[in-house]
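Here's the structure we're looking at; comments come further down.
The values are calculated or read from the model by the stated rules, or taken from the named source; none is laboratory data. This is a predicted model, so every value here is computed, not measured. Methodologically, a virtual Cβ is constructed for each residue, glycine included, from the backbone with ideal geometry; neighbour enumeration extends over all protein chains shown.
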C-alpha cells in the first residue's frame with residue numbers, strides 16, 4: 001500500500017476528534033497520566049527518558065487548542081487505495097494493510113469513546129474461533145489505550161501499552177505506594193523493588209508484559225463467550241447513564257468475563273500459574289474488587305495452603321454472582337428502558353451509605 005503517512009494522518013485526525021469530545025470524561029489525574037503517555041508515544045520517548053517540562057506544557061496547550069477546533073467535528077471516513085471506509089471497519093481496512101506489516105483498530109472504549117490506533121503487527125494466532133492480533137510499535141493512537149480490545153471476531157492485543165502500565169506500577173511500588181501483591185507480582189518475573197530504571201529493567205518488564213498479556217487475551221475471550229446480554233448491555237451503556245453507574249456495569253461485565261469458563265481465572269487455576277494469578281490480583285481495581293471480594297479472601301487462603309481448589313471456588317462464586325446480577329439488571333431494563341431503575345439497582349448493590 002502506498003501513502004502510509006497519509007493513512008496515519010487520517011487516523012490521527014480521528015484520534016484527535018475523539019479526544020476533543022471525550023477528554024472531559026477523565027479525572028484530572030487520569031487526564032494528566034494520559035497526556036504524559038500520549039506525549040511519550042508521539043515523541044518516541046522511552047519510559048526512563050525524562051519529559052522536558054516546558055515542552056510538554058506547550059504541547060498540552062497546543063493540543064487543547066486543537067481539540068477546541070475539533071470538538072464539533074464528525075469522525076472522518078478513511079480513504080485507502082481510492083476506496084472509502086467507515087473508521088470502525090477494521091476488517092476492511094486491515095485487508096488493505098495485509099502486505100504492509102501494519103494493523104489497524106477502531107472501536108469503542110470506556111464511556112463509549114471512539115478509540116483508534118495503527119501499529120506494527122508482530123504476530124497472529126487463533127483462540128477458540130477468534131483471531132488475535134499482537135501489536136508492536138505504534139504509529140499513532142488516541143488518549144485511551146487499553147492493553148486488549150475485542151472487536152467483532154478479532155482481539156487486538158497491545159503488549160507495548162501493558163509494558164508502560166507495568167513500568168508505571170513499578171515506579172509507584174518503588175516510591176512505596178504499592179507493596180504486597182504488587183511486589184510479589186514483580187518478583188515472580190525477577191524484578192525487585194531495589195532495581196533501578198534502565199533499558200535492562202524495561203526489557204524485563206517487556207518480557208513480563210508478553211507473558212501477562214495472555215490474561216487480557218483470555219479476558220476478551222471470556223467476554224466474547226459471555227454474550228447472552230451483549231445487545232441489551234450495549235444499549236444500557238449507550239443510554240446516558242451516569243459515570244459511576246457505567247463503571248459498575250462495566251465492572252460486572254468484566255468480572256463475569258474473568259470468571260467465565262473461557263476466562264483467565266479458569267485457565268490460571270488449571271495451569272497453576274502463580275505469576276499470572278499475582279498479576280490478575282495486582283491489577284484488580286477498586287470497583288472490580290468491590291464486585292468480586294471473594295477473590296481477595298480466596299487468595300489469602302491460597303497463599304497459606306497452596307490449594308488451587310480455593311481459587312476455583314472463588315471463580316465459580318464470582319461467575320454465579322455476576323451472571324445473576326446481569327440477569328436482574330436486564331430484567332429491570334427491558335420492560336421500560338428505564339436507566340434510572342438500573343442506576344438505582346447499582347446504587348443499592350454497591351453505593352449504600354455506610355452506617356454510623
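Worth pointing out:
- Among the residues making up the range 77-100, those that are touching a residue at least 40 places away in the same chain (Cβ under 8 Å) and either outside any loop (DSSP other than H, G, I, E, B) or at positive phi (or both) are 78, 79, 80, 81, 90, 91, 96.
- Residue within the range 135-144 that is within 25 Å of residue 211 (Cα to Cα), under 15 Å from the mean Cα position of the chain (by Cα) and at pLDDT below 95 present: yes
- The range 226-242 - residue that is part of a loop (DSSP other than H, G, I, E, B) and under 19 Å from the mean Cα position of the chain (by Cα) and, of those, nearest to residue 254 (Cα to Cα): 226
- Residue ID - surrounded by the fewest Cβ atoms within 10 Å (Cβ to Cβ), chosen from residues in the range 284-340 that are on the phi < 0 side of the Ramachandran plot and outside any helix (DSSP H, G or I): 285
- Any chance residue 196 is assigned to a loop (DSSP other than H, G, I, E, B) and free of Cβ contacts under 8 Å to residues at least 40 places away in the same chain: yes
- In this entry, residue 124 is excluded by the filter for residues that are in contact (Cβ under 8 Å) with a residue 40 or more places away in the chain and either assigned to a strand (DSSP E or B) or buried (at least 16 other Cβ atoms within 10 Å of the Cβ) (or both).
- Condition check for residue 223: in a helix (DSSP H, G or I), in contact with a strand residue (DSSP E or B) (Cβ under 6 Å, 6 or more places away or on another chain) and either surrounded by 15 or more Cβ atoms within 10 Å (Cβ to Cβ) or assigned by TED's automatic domain parsing to the domain that holds residue 279 (or both): yes
- Evaluation of residue 106 against the conditions (1) touching a residue at least 40 places away in the same chain (Cβ under 8 Å); (2) farther than 30 Å from residue 296 by Cα; (3) assigned to a loop (DSSP other than H, G, I, E, B) shows that the sole unmet condition is (3).
- From the options 301, 315, 288, residue that is free of Cβ contacts under 8 Å to residues at least 24 places away in the same chain and touching a helix residue (DSSP H, G or I) at 6+ places or on another chain (Cβ under 7 Å): 301
- Within the range 242-273, the set of residues being in contact (Cβ under 8 Å) with a residue 12 or more places away in the chain and either in contact with a strand residue (DSSP E or B) (Cβ under 8 Å, 6 or more places away or on another chain) or farther than 19 Å from residue 155 by Cβ (or both) comprises 242, 243, 244, 245, 246, 247, 248, 249, 251, 252, 269, 272.
- Residue in the range 33-44 that is surrounded by 11 or more Cβ atoms within 10 Å (Cβ to Cβ), assigned to a loop (DSSP other than H, G, I, E, B) and under 19 Å from the mean Cα position of the chain (by Cα) present: no
- Evaluation of residue 61 against (1) more than 20 Å from the chain's Cα centre (by Cα); (2) surrounded by 11 or more Cβ atoms within 10 Å (Cβ to Cβ) (one fails), failing number: (2)
- Single residue of 74, 68 found to be closer than 26 Å to residue 151 by Cβ, over 24 Å from the mean Cα position of the chain (by Cα) and in the same structural domain as residue 140 (by TED's automatic domain parsing): 74
- Flag for residue 275 being in contact with a helix residue (DSSP H, G or I) (Cβ under 9 Å, 6 or more places away or on another chain) and assigned to a loop (DSSP other than H, G, I, E, B): no
- Here 176, 204, 253 are screened, and the one residue that is farther than 29 Å from residue 351 by Cβ and either in a helix (DSSP H, G or I) or at pLDDT 95 or above (or both) is 204.
- Applying the condition of being over 18 Å from the mean Cα position of the chain (by Cα) and crowded, with 16+ Cβ neighbours inside 10 Å to the range 267-277 and asking which residue is farthest from residue 210 (Cα to Cα) yields 269.
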